[in-house]
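Inspection log for the structure reproduced underneath, given as C-alpha cells.
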Amino acid sequence: MNGKLYLIGCGPGDADLLTLKALKTIEKLDIALIDHLLTQEIIDLIPPCAKVVFVGKEKGKHSFPQSEINAMITEYAQQGYTVGRLKCGDPYIFGRGTEEAIYASQNDIETEVIPGISSALSGPLSAGIAPTARGVSTGVSVVSAHLSGDRVNLSWIPMLSVSDHTTVVLMGLSRTRQIVKEALDQGVDATLPVAIISNATTAHQNSIITTLGELISASKGAPKPAILVFGNVVNLAKVLPTYRYESKGEGYDIATAS
C-alpha cells in the first residue's frame, strides 16, 4: 500500500510562523526531504526517528535534479512511508511544488499540500513595508528574475512605471545590474524606491532602502537569500513597525502545540 506525500510550506524562516497544520504534519513524517534554505530551528522539529534527505537547490549547484527528487518522492511513498517535502515559503510560489504534485498524482501517490507564508509577503512586512496601502499602492505583483537554465526574466520591468503598484522580485539579487539597465532603458524613474530585504523573519534579518539608480551599488555584499521590493510603499519603512524575531534558545521545541 502506498504511503502519502505532504508538500509542506514552512514559511520564511522563523519557526513561530509555521502553521499548526504544518507542525503537526512534520511531527508524523517518516521521510523528510528538505530545502537548503530551511532554517535549523525548523529542521530541529523533524522527529529524530525520521530520515532527513537534503535535496536543496542553490544557484548553479543542485544536489539533485528535479527529476531525481520526483523519483525519490515516489519511491519512498510506494514503500508505504509518510513523506514530507519541506519547502521554504509556500509550495506553489516559485517552489516547484506543482511539478512534484503532478508527478505524484501521475504515479497514484496521495498528496496533500499545506500552505506556507511566502517571503513575497512576509519579507516586505518584516522590513516595515506594506505591499498594498490605501493612497500608495492598489496592487502587488510577485515575480521571479530567474528562469530555468540560469536565464534572466525581465518581462515585468514595465510594471515599475506604474506609480500605484508594488513589485516584489524573488531571486533577483544577483540580477540587479541587468534589472537596472533594462529599467532605465525603458524610462523607469531612477529615484523609484527599492528595498533589499535579506533573511526575512530570522535572527539575521537585514534591510537596505535605496533607489533604482543606486540599486547596483547598494546590493553589493547584501546577504542572501533576499527579495527586492520596488514601489512607493518602500517609503513606509520610515513609519511602520518591523518584524520582531524572538530567540528560541537551545533545544527549541513547539511540539506541545500538537
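One table, with the values for the structure above:
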quantity: Yes/no for residue 115 being under 23 Å from residue 205 (Cβ atoms) and surrounded by 19 or more Cβ atoms within 10 Å (Cβ to Cβ); calculated: no
quantity: Test: residue in the stretch 18-27 that is under 25 Å from residue 146 (Cα atoms) and either open to solvent by less than 60 Å² (accessible area, probe 1.4 Å) or of a type in the set (S, T, N, Q) (or both); calculated: no
quantity: Residues of the stretch 197-210 classified as open to solvent by less than 40 Å² (accessible area, probe 1.4 Å) and farther than 24 Å from residue 41 by Cα, total; calculated: 1
quantity: Scan of the stretch 42-67 for residues that are at pLDDT below 95, assigned to a helix (DSSP H, G or I) and either open to solvent by 30 Å² or more (accessible area, probe 1.4 Å) or touching a strand residue (DSSP E or B) at 6+ places or on another chain (Cβ under 6 Å) (or both), ordered by number; calculated: 67
quantity: Search result, residues across the stretch 133-186 that are touching a helix residue (DSSP H, G or I) at 6+ places or on another chain (Cβ under 7 Å), of a type outside the set (Val, Ile, Thr), without any contact (Cβ under 8 Å) to a residue 60 or more places away in the chain and in a helix (DSSP H, G or I); calculated: 173, 177, 182, 183
quantity: Within the stretch 211-248, considering residues that are open to solvent by 10 Å² or more (accessible area, probe 1.4 Å) and among the aromatic types (Phe, Trp, Tyr), the one farthest from residue 159 (Cα to Cα); calculated: 245
quantity: Set 37, 23: member being part of a helix (DSSP H, G or I) and farther than 27 Å from residue 106 by Cβ; calculated: 23
quantity: Qualifying residue in the stretch 232-245 (condition: modelled with pLDDT under 95 and not polar (S, T, N, Q)); calculated: yes
quantity: Unique residue being of a type outside the set (D, E, K, R), within 20 Å of residue 206 (Cβ to Cβ) and in contact (Cβ under 8 Å) with a residue 24 or more places away in the chain when the list is 129, 93, 109; calculated: 129
quantity: Whichever residue in the stretch 121-144 is surrounded by 22 or more Cβ atoms within 10 Å (Cβ to Cβ) and among the aliphatic types (A, V, I, L, M) and, among such residues, is nearest to the chain's Cα centre (by Cα); calculated: 127
quantity: So residue 9, is it touching a residue at least 12 places away in the same chain (Cβ under 8 Å), open to solvent by less than 20 Å² (accessible area, probe 1.4 Å) and out of contact with any Gly (no Cβ under 6 Å at 6 or more places or on another chain); calculated: no
quantity: Check on residue 155, open to solvent by 20 Å² or more (accessible area, probe 1.4 Å), within 20 Å of residue 233 (Cα to Cα) and out of contact with any Pro (no Cβ under 9 Å at 6 or more places or on another chain); calculated: no
quantity: Pairs where the first residue, in the stretch 22-44, is farther than 12 Å from residue 88 by Cα and the second is open to solvent by less than 60 Å² (accessible area, probe 1.4 Å) and aromatic (Phe, Trp, Tyr), C-beta under 6 Å, 6+ apart; calculated: 25/6; 31/76; 41/252
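The values are calculated or read from the model by the stated rules, or taken from the named source; none is laboratory data. Note that the structure is predicted; figures quoted are calculated from it, not measured. Heads up, the Cβs are rebuilt from the backbone with ideal geometry, glycines too, and the neighbour counts pull from every protein chain shown. To get the accessible areas, we keep the full protein, side chains included, count just its heavy atoms, and leave off ligands, DNA and RNA. Shrake-Rupley method; radii C 1.70, N 1.55, O 1.52, S 1.80 Å.
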